[in-house]
Amino acid sequence: MARANDLSFVQVIDEKGKMTVGGEDIVGKKTAEAREIIAQKLRDAGLMIEEKKITQNVSTAERTGAIIEPLPKLQWFVAVNKEFAFPHKDKTIAKEGELVSLKVLMHRAVESGATTILPDRFAKVYEHWINNLRDWCISRQIWYGHRIPVWYKNDALYCDEKAPEGDDWIQDEDTLDTWFSSGTWSFSTLGWPDETNDFKTYHPNDLLETGRDIIFFWVARMILMSTCLLGEVPFKTVYLHGLALGKDGKKMSKSAGTALDPLEVTEKYGTDALRMALIVGNAPGNDFKLYDEKVKAYKHFANKIWNASRFVLSNSGDVVIDEKLLTEKDLATLATWRAVLKDITEDTEKYNLYLAGEKLYSYFWHTFADVLIEEAKPSFQSENVSDKQSVQILMNILLSEQLRALHPFMPFVTEAVWEIMHGDNKENLLLIQSWPTHS
């Protein structure tokens, strides 16, 4: 209201919420006490026209419930619209010496295609936010964090990476905004400002996966920091997932007791089950429901993988794999699976992981376990050597390729089965096997 009416900002309370202006009966009082005293003065003077209860939208502290009082303070800002000469050579985001602003660099990162945001509707959200970007307040009045690199001595002000020489300099007590510090995450974790091997190898990152709700807080800040300090984008692709909701469709809340503790869930159902529950049905950018019954269903799936795999291996584990020995029927079955695998591969490459996971689940349970294994049981006991050998080879190939495709989704049960198939030699770990591909 002061800004809209061209009024000055006047601080009337201190950091403890006590009045700093007024008469002796006001100064030093808590704001709630001061309001009552002033209201009584208005009554005594006959200036109180009417009193009635009204409902207001008042900010309160999350932990204590106390009313939050506005307090004008000196703050530090990053000027996002101020132009500066781009200092980097041989960069595509801008030419050396070109006048740019932080806002311009943030725009170009996405507009140029250097960074792709998935799902693409969030690119418009990002663009709208950048268009309306104001100078960024980066100072915080909290105890922990990176200290503002500013020192004062009398009327002198000093700002630099290192403290000034001499005595009597007092450093600003504010800390940097959390998002200012974490905005450097993509490169500060790799040894920057030194040209380390990690930095050369991994920056820019290929993929950032994070929640849709922090596209402004974190994603945009990392783009700001990286394009400014390095002259390049921090990552090539941003994959935004939705928020996990409770069974009732409401946001999970610790205070309301509706949040799932991942440690408790994994203890109860297993890590693989939780991973699949977080992926299947979770389209990029869309919120999704997560609850016990859903996780439990994928615990059953993990059991299915284990039991079906053990059955196949107990009946065909020693067979020599040679696709040339497959019958026409088994070749057709293998071709059908590989057509499904091709779809799964395309879904994975397009980051449609929820579809890939669902198709893997469906094929393994409803086709491989429920149909093909049942049909293979007579052949496992058959006296026809070629038919028996063909089915044994087919089931081994199907199991092996499904384990490799399922591993990113359910790494623990698939690795355990793979160890039974290939031994516990570290060179044979499923973790380092290639994705199953076929022309």
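Bear in mind that the values in this text are calculations on the coordinates, not laboratory data. Computed from a predicted structure; not experimentally measured. Using ideal geometry, Cβ is built from the backbone for each residue, glycine included, and neighbour counts are taken over all protein chains shown.
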For ASP198 and THR258, extending 7 Å from Cα along the Cα-Cβ vector and measuring point to point gives, in nm, a value of 4.0 nm
Distance in nm between label sites at SER434 and GLN171, each 7 Å beyond Cα in the beta-carbon direction? 5.3 nm
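For a test of the definition: using alpha carbon positions, the gyration tensor, and the 1.5 limit on a/c, classify segment 1-133 as rounded, prolate or oblate.
Working: a/c = 3.55, a/b = 2.57, b/c = 1.39.
Because a/c hits 1.5 or more and a/b exceeds b/c, segment 1-133 counts as prolate.
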Report the net charge of residues surrounding GLU293, where surrounding means a beta-carbon distance below 14 angstrom and charges are Lys +1, Arg +1, Asp -1, Glu -1. +4
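Between LEU74 and SER314, take the C-beta separation as r, use R0 = 51 Å, and let me know the FRET efficiency to the nearest 0.05. Can you show the working numbers first?
Details: r = 74 Å, r/R0 = 1.45.
Efficiency at R0 = 51 Å is approximately 0.10.
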For the chain, longest principal axis from Cα atoms; helix 121-131 axis from its Cα atoms; angle between them, nearest 10 degrees, is 20 degrees
Count the lysine pairs in segment 151-279 whose Cα atoms lie under 27 Å apart, taking only pairs 8 or more positions apart in sequence or on different chains. 7
Suppose the chain between GLU427 and GLU232 were pulled fully straight at 0.36 nm per residue; how much longer would it get relative to their current alpha carbon spacing? 66.5 nm
Using a cut-off of 17 Å between alpha-carbon atoms, which aspartates and glutamates can reach LYS359, once sequence neighbours fewer than 8 places away in the same chain are excluded? ASP272, ASP343, GLU346, ASP347, GLU349, ASP370, GLU401
How far is helix 411-422 tilted, in degrees, relative to the longest principal axis of the Cα atoms in the chain, given as a value from 0 to 90 rounded to the nearest 10? 30 degrees
What is the distance in Å between the Cα centres of segment 333-375 and segment 156-189? 53 Å
At 10 °C and a viscosity of 1.306 mPa s, what translational diffusion coefficient does Stokes-Einstein give for segment 316-385, taking Rh as the Kirkwood radius over Cα pairs? Give it in µm²/s as a whole number. 114 µm²/s
Determine the calculated [θ] at 222 nm for the chain from helices alone, applying -39500 (n - 2.57) to every DSSP H run no shorter than 4 residues and normalising by the residue count; nearest 500 deg cm²/dmol. -12500 deg cm²/dmol
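Just add up the charged neighbours of VAL385: K/R +1, D/E -1, any other residue whose Cβ is under 15 Å from the Cβ of VAL385.
-4
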Which of LYS29, LYS294, LYS162 ends up with the largest GNM mean-square fluctuation for the chain, with Cα atoms connected below 10 Å? LYS29
Highest-fluctuation residue, ARG221, ARG404, ARG63 considered, GNM on the chain with Cα pairs under 10 Å: ARG63
Net lengthening on full extension, LEU245/GLN141 (0.36 nm per residue, minus Cα-Cα): 34.2 nm
Hey, what's the per residue convex hull volume over the C-alpha atoms of segment 219-306, in cubic angstrom? 144 Å³
Identify all aspartates and glutamates with a Cα-Cα distance to LYS89 below 19 Å; exclude those on the same chain that are fewer than 8 residues away in sequence. GLU98, ASP194, GLU195, GLU232
